[in-house]
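*Asks:* Encoded as structure tokens, here's the structure I'll be asking about.
The values are calculated or read from the model by the stated rules, or taken from the named source; none is laboratory data. As the structure is a computational prediction, the values presented were derived from the model and not from experiment. Virtual Cβ from ideal backbone geometry, glycine too; neighbours counted across all protein chains shown.
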Amino acid sequence: MGPCAFFGAGFLHPSSALLVCLSGIVVIQFLGFGGLGLVLLLLLSTLRQILPGWWVLLRRLRWLLLSVWLILAYGSAGDALLGQAWLPTHEGAAEATLHVARLVLMLGYLAWLFALLGQRGLLVALMSLLGPLSRRGVATDRLAVRLSLVMENLQVEMPKGAWRSMLDGNPGGDDGPTKLRVEVSSWQLIDYLACLGVLAFSICAISLG
């Protein structure tokens, strides 16, 4: 899938599309169950494109999600579920479920972002956003490539026991190309308008909760 497929081919610059998606991820953290339901409907409308990447992210972070739920569920005071002292409280379970739902939808949004931009589009977006730092003498090329590789690897299903090799300093895989050419185009008016519109919408969504 080419860059910006969900916004129309070539409709938005990859960096502005990245800002739009990241704004959505931030807004998710302030929504209640009603708002999260709307986000879920939006993700379900593109389920065929994002499901493989979303499933990989959920599998790789399943123990983290479970740990977050248990910590929040047992860390809040209130009345125990079913009147059993060993169970979490009603308040804790509700808060834990809300936070985990936000994290799950955030992972869905990341899968949407990966499908939207692709590796090349994501690299172009990072190079463009880090451009001001590079003009001030900061070496951003290597940082942008590393970030794009990290985000790409998040979508790859790791073989069983791969974490042991990583701890031993043997991540595996073949060496990539020594040179990578990336052409970064300029923003158009539609990119500025889209970012301003998303910013205004984000402020309203956060204020309404």
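*Asks:* Go over the candidates S45, S76 one by one and state the one that is closer than 21 Å to S202 by Cα, free of Cβ contacts under 8 Å to residues at least 60 places away in the same chain and over 16 Å from the mean Cα position of the chain (by Cα).
*Replies:* Values: S76 fails: closer than 21 Å to S202 by Cα.
Just one listed residue meets the conditions, S45.
*Asks:* Go through the residues of segment 74-82 one by one and say whether even a single one is touching a Phe, Trp or Tyr at 6+ places or on another chain (Cβ under 8 Å), among the hydroxyl-bearing types (S, T, Y) and not in a helix (DSSP H, G or I).
*Replies:* Within segment 74-82 (the criterion being touching a Phe, Trp or Tyr at 6+ places or on another chain (Cβ under 8 Å), among the hydroxyl-bearing types (S, T, Y) and not in a helix (DSSP H, G or I)), the answer is no, since none of the residues qualifies.
*Asks:* Every residue in segment 13-23 that is among the small types (G, A, S) and surrounded by fewer than 20 Cβ atoms within 10 Å (Cβ to Cβ), please.
*Replies:* Here is the first cut: in segment 13-23, the residues among the small types (G, A, S) are 15-17, 23.
Within segment 13-23, S23 is the sole residue that qualifies.
*Asks:* Here is a check on your reading of the model: is L208 at pLDDT below 75 and farther than 14 Å from V20 by Cα? Step through it out loud before you land on a result.
*Replies:* Values: at pLDDT below 75: yes; farther than 14 Å from V20 by Cα: yes.
The answer is yes for L208.
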